[in-house]
Amino acid sequence: MQTIFVAWQQPSSREWIPVGRLDRYRGEFRFMYTRGAKRAENFRPFGRMDNLHGTYYSSVLFPLFANRVLTRSRPEFSRYFDWTGLPDYSIDDPLPILAVTGGLRGTDPIELFALPQRDTSGRFAIDFFARGMSHFAPPNVEAANALKPGSKLFVMRDLQNEHDQYALCLRTNDPSYLVGYCPKYYTQDICKLLALNPKGLTVTVKQVNVGAPLTMRLLCALDAPWHEGFEPFSENEDMQSLATLDGQ
């Protein structure tokens with residue numbers, strides 16, 4: 001089951017706070033709020049989903065999320081889907097598309113990210129677009145554009161980052177260029193995995209979408225051992241559901 005968390009940017013501090021989770025349960029889409037919705041200052045529930053402790057179901061994707069996936073009738077959909085790097089069988093499933101694209105929409109204060117799951121080999125594996133490329137100088141973007149699928153990227157701590165104490169940069173090998181950041185929602189867990197086995201974690205280029213917006217330019221694949229006792233986001237109280245999950 002794919003689970004996607006919903007982050008909302010608090011206007012006062014600019015902090016991105018997880019406030020909800022979306023998944024599919026017994027053939028329906030399911031949404032519920034998380035503890036971050038209570039911590040976030042001035043957060044208001046989304047539309048008619050106005051009970052922070054409620055659980056909401058729908059046979060079709062909730063409008064809040066459906067509006068964040070390009071419709072197949074749009075002429076640019078084929079190119080957009082190609083940029084995601086997803087297999088063809090995912091073309092009619094909005095959850096994987098939202099998971100990799102983040103559902104980003106202009107200056108909208110909402111971003112989506114997936115709960116990592118063990119892959120078929122029992123490993124921690126996530127695909128993500130390199131973040132922060134719009135803040136880099138043209139030579140760095142050109143270096144990213146020149147990368148080839150399978151190229152190895154190296155992870156570096158950005159210890160003085162004011163916005164994320166776990167911030168991780170991505171660099172090329174030789175010559176060395178910064179080409180992006182790991183998504184902030186995963187950095188704490190990635191740092192934990194690096195501490196457990198730094199050589200066991202790898203980041204490679206999955207594809208380079210030359211001509212795509214910078215937010216979808218460099219698609220990366222991260223792979224690491226799934227260590228015994230490790231659970232993604234286990235230390236983040238904001239991601240704990242306010243409602244009781246069915247079956248638990």
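Observations
- Taking residues in region 34-50 that are within 15 Å of residue 112 (Cβ to Cβ), and partners anywhere that are among the basic types (Lys, Arg), the pairs with Cβ atoms closer than 7 Å and at least 6 places apart or on different chains are 34/21.
Per-residue answers, yes or no, for (1) open to solvent by less than 50 Å² (accessible area, probe 1.4 Å); (2) free of Cβ contacts under 8 Å to residues at least 24 places away in the same chain:
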| site | (1), (2) |
| --- | --- |
| 165 | no, yes |
| 171 | no, yes |
| 177 | no, no |
| 217 | yes, no |
| 224 | yes, no |
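- Residue that is farthest from the chain's Cα centre (by Cα) [pool: residues in region 77-108 that are of a type in the set (Asp, Glu) and more than 21 Å from residue 206 (Cβ to Cβ)]: 92
- Test: residue in region 49-66 that is over 11 Å from residue 6 (Cβ atoms) and β-branched (Val, Ile, Thr): yes
Condition check ((1) closer than 30 Å to residue 22 by Cβ; (2) in contact (Cβ under 8 Å) with a residue 60 or more places away in the chain; (3) in a helix (DSSP H, G or I)) across all residues:
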{"site": "124", "(1), (2), (3)": "yes, yes, no"}
{"site": "140", "(1), (2), (3)": "no, no, yes"}
{"site": "148", "(1), (2), (3)": "no, yes, no"}
{"site": "153", "(1), (2), (3)": "yes, yes, no"}
{"site": "183", "(1), (2), (3)": "yes, yes, no"}
{"site": "189", "(1), (2), (3)": "yes, yes, yes"}
{"site": "194", "(1), (2), (3)": "yes, no, yes"}
{"site": "198", "(1), (2), (3)": "no, no, no"}
{"site": "210", "(1), (2), (3)": "no, yes, no"}
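- Any hit, region 202-210, residues being closer than 20 Å to residue 86 by Cα, hydroxyl-bearing (Ser, Thr, Tyr) and in contact with a Gly (Cβ under 9 Å, 6 or more places away or on another chain): yes
- Residues satisfying the stated conditions in region 1-52, i.e. in contact with a helix residue (DSSP H, G or I) (Cβ under 9 Å, 6 or more places away or on another chain), outside any loop (DSSP other than H, G, I, E, B) and under 25 Å from residue 90 (Cα atoms): 4, 5, 6, 7, 20, 21, 22, 23, 24, 29, 31
- Test: residue in region 82-91 that is open to solvent by less than 30 Å² (accessible area, probe 1.4 Å), within 25 Å of residue 125 (Cα to Cα) and either touching a His at 6+ places or on another chain (Cβ under 9 Å) or not in a loop (DSSP other than H, G, I, E, B) (or both): yes
- Long-range neighbours under 9 Å by Cβ, at least six apart or interchain, first residue at negative phi within region 60-88, second of a type in the set (A, V, I, L, M) and open to solvent by 70 Å² or more (accessible area, probe 1.4 Å): 66/60; 68/104
- For the condition farther than 30 Å from residue 38 by Cβ, open to solvent by 30 Å² or more (accessible area, probe 1.4 Å) and part of a loop (DSSP other than H, G, I, E, B), residue 228 qualifies.
- Region 231-247 - residue that is open to solvent by 20 Å² or more (accessible area, probe 1.4 Å) and not charged (D, E, K, R) and, of those, farthest from residue 10 (Cα to Cα): 247
- Just one of the listed residues (168, 178, 201) is over 22 Å from residue 217 (Cα atoms), in contact with a helix residue (DSSP H, G or I) (Cβ under 7 Å, 6 or more places away or on another chain) and modelled with pLDDT of 95 or more, and it is 201.
The values are calculated or read from the model by the stated rules, or taken from the named source; none is laboratory data. Just so it is clear, the structure is predicted and the values come from calculations on it, not from any experiment. Here Cβ is always computed from backbone atoms with ideal geometry, including for glycine, and neighbour counts include all displayed protein chains. Surface accessibility is based on the protein's heavy atoms, side chains included, excluding ligands, DNA and RNA. Shrake-Rupley method; radii C 1.70, N 1.55, O 1.52, S 1.80 Å.
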